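Have a look at the structure below, then the notes.
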Amino acid sequence: MSRISILGCGWLGLPLADKLISHGYHVNGSTTTTNKLKKIERLGVKPYFIDLSPDFKGDISFFNCDILIINIPPRNIEGDSEYHEKQLLSIKNQIISKRVGKVIFVSSTAVYPNNNQVVTEKDAGADNLSRGGVSLLNMEQIFTQENSFETTVVRFGGLYGPGRHPGKFLAGKHDLRGANNPVNMIHLEDCLNILLRIVADNIWNETFNAVSPNKLSREEFYKNAAQELKIEAPQFSKDSQPYKDASSQHLMDVMHYQFIH
């Protein structure tokens, strides 16, 4: 079986490591917190302490793998708006040096502008994209424009699941705009299944939106979620708010994937 390294064993990366182990893969997992090393190891994952500040510091044997999954949140330092891009360039240098063949880059639907319409993978990088969206798109291209390895990008919507119940996101808030906007959300269970499918089926050189197609309005979604927890539901005004409606049709067509949530 392939050896997989997961850069970033947090809320998504840790259960992903567990799922890959359960399917017979050999997994390396990194953290920036030393007290998480034992927790990672207990899953059967080989733990690594890695620091990107922004240059790579750690055991380079982490990159002795067939597939690298990059799952670290964007982080900028005051006075250095390109800090996260420098981190990723440092990672890319290690990928090339250690001849890693495949990369999965975990991205988000922030690469699309709020243009009040359905957006597909080809719509990234429109003129009215936010500064953060432009930066994220540049980060994707650090890997997708490199020919010495193959990269698949997954653009997740808002993440929810165990420990991240959406009922808490807007609970008790008032006068929220965009009541009728579609929500672009994805449950952890679907995230894990999609990433596993990419690995198992060798789906490379692709870019996918990964957002549940079972969309409610923003008001319905968050009120229902608050009711599940029996906490105060958010209140929405009649004011509109720009939105995007990210389509996962390409992912469903290529993977023949059916969303659970």
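The values are calculated or read from the model by the stated rules, or taken from the named source; none is laboratory data. Note that the structure is predicted; figures quoted are calculated from it, not measured. Here Cβ is always computed from backbone atoms with ideal geometry, including for glycine, and neighbour counts include all displayed protein chains.
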Residue 86 passes all but one of the listed conditions (1) modelled with pLDDT under 95; (2) part of a helix (DSSP H, G or I); (3) farther than 26 Å from residue 205 by Cα; the exception is number (3)
Taking segment 26-72 as the search range and keeping residues that are in contact with a Lys or Arg (Cβ under 6 Å, 6 or more places away or on another chain) and surrounded by 15 or more Cβ atoms within 10 Å (Cβ to Cβ), which one is nearest to residue 107 (Cα to Cα)? 67
Tell me which residues, restricted to segment 2-25, are surrounded by fewer than 18 Cβ atoms within 10 Å (Cβ to Cβ) and aliphatic (A, V, I, L, M). 21
Please work out which one of (1) crowded, with 17+ Cβ neighbours inside 10 Å; (2) part of a loop (DSSP other than H, G, I, E, B); (3) not aliphatic (A, V, I, L, M) is the condition residue 173 fails and give its number. (1)
Which residues, taken from segment 212-243, are assigned to a loop (DSSP other than H, G, I, E, B), out of contact with any Pro (no Cβ under 7 Å at 6 or more places or on another chain) and basic (Lys, Arg)? 230, 238
Report those strands (runs of 3 or more DSSP E) wholly inside segment 1-74 carrying at least 2 residues which are under 20 Å from the mean Cα position of the chain (by Cα), of a type in the set (A, V, I, L, M, F, W, C) and within 25 Å of residue 205 (Cα to Cα). 3-7, 67-70
Output the number of residues of segment 200-211 satisfying the condition of being crowded, with 21+ Cβ neighbours inside 10 Å and either of a type in the set (A, V, I, L, M, F, W, C) or part of a helix (DSSP H, G or I) (or both). 3
